[in-house]
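Here the structure is laid out as structure tokens; the discussion comes afterwards.
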Amino acid sequence: SDATIAGDLSYSQSAEIKIENDKNIEGSIKQFGPPAKAEQSSWAAKASGALYGLIASFIIGAVMLWLAPRSVIATGDYVLQKPGQSLLVGFGFLVMAPIALLMIAVTLVGIPLAIIGLMAYIAVLIVSHIFVALLVGRRALGTARSKKGNSAGQNLLPLLLGLLITGVLELLPVLGGLF
């Protein structure tokens, strides 16, 4: 009741507020509805994010295939030959690398090394799914064990198909995060 407002009072509330002493408000009093809540998980946002991820992953994968097609395909073939070992190594890297980076960052000299290591870790996480997507696409098209399709151009369609399949799997509610 003793407060003074030297201007306008605007508030967002569905009900009107009771002001005991409106003489202490020099300006006008304006009420407007509560702000509209943005739908947090709209399908349009998910679809545009998935489309952006698909395009970005395809471009990165195409560049990787153009630069080193044999290495990219060999990595996928290794995952096909030894899936258990590949899963164990990947999970170990996912968990142990951040712990190692934190241990390195404890020292003053280690901080720049940890920052460089963190950037490399993030880069590996970004491109790692491309190997699996290429493998899935090659398996879906029946070219996974073929030695003929080892050029970059011959693997663009399997890459795109694999990215589409893995992208759909990643959108699943519970299994998507695990995938």
| query | Using modelled backbone amide H atoms (1.01 Å from N, in-plane), which distant-in-sequence or interchain residues come within less than 5 Å of Ile5's amide H? | reply | Ile25, Glu26
| remark: Which residues qualify? For Ile29, with a placed amide H closer than 5 Å and at least 5 residues away or on another chain, they are Leu9
| message | Give me the percent of accessible area attributable to carbon and sulfur for the stretch 70-137, probe 1.4 angstrom. | response | 83 percent
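Provide the per residue accessible area, probe 1.4 Å, for the stretch 1-127, rounded to a whole number of square angstrom.
76 Å²
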| Taking Cα pairs under 8 Å and at least six residues apart, what relative contact order does the chain come out at, in percent? | 19 percent
| task | Calculate, for Leu113 and Ala15, the FRET efficiency according to 1/(1 + (r/R0)^6) with r their C-beta to C-beta distance and R0 41 Å; round to the nearest 0.05. | result | 0.10
| remark: Phi angles of the stretch 122-135, converted by Karplus (6.51 cos²θ - 1.76 cosθ + 1.60, θ = phi - 60°) into ³J(HN,Hα) in whole Hz with x for Gly and Pro, give 5, 4, 5, 5, 5, 8, 5, 6, 5, 4, 5, 4, 5, 4
| Val72 accessible area, assembled protein chains, probe 1.4 Å, Å² | 10 Å²
| said: Students sometimes get this wrong: rank Val168, Val132 by accessible area, probe 1.4 Å, all chains present, largest first. | reply: Val168, Val132
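The values are calculated or read from the model by the stated rules, or taken from the named source; none is laboratory data. Everything numeric in this text was worked out from a predicted model, so none of it was measured. All Cβ positions, even for glycine, are placed from backbone atoms using ideal geometry, and neighbour counts span all protein chains on display. What goes into the accessible areas is simple: the full protein's heavy atoms, side chains included, and nothing from ligands, DNA or RNA. Shrake-Rupley method; radii C 1.70, N 1.55, O 1.52, S 1.80 Å.
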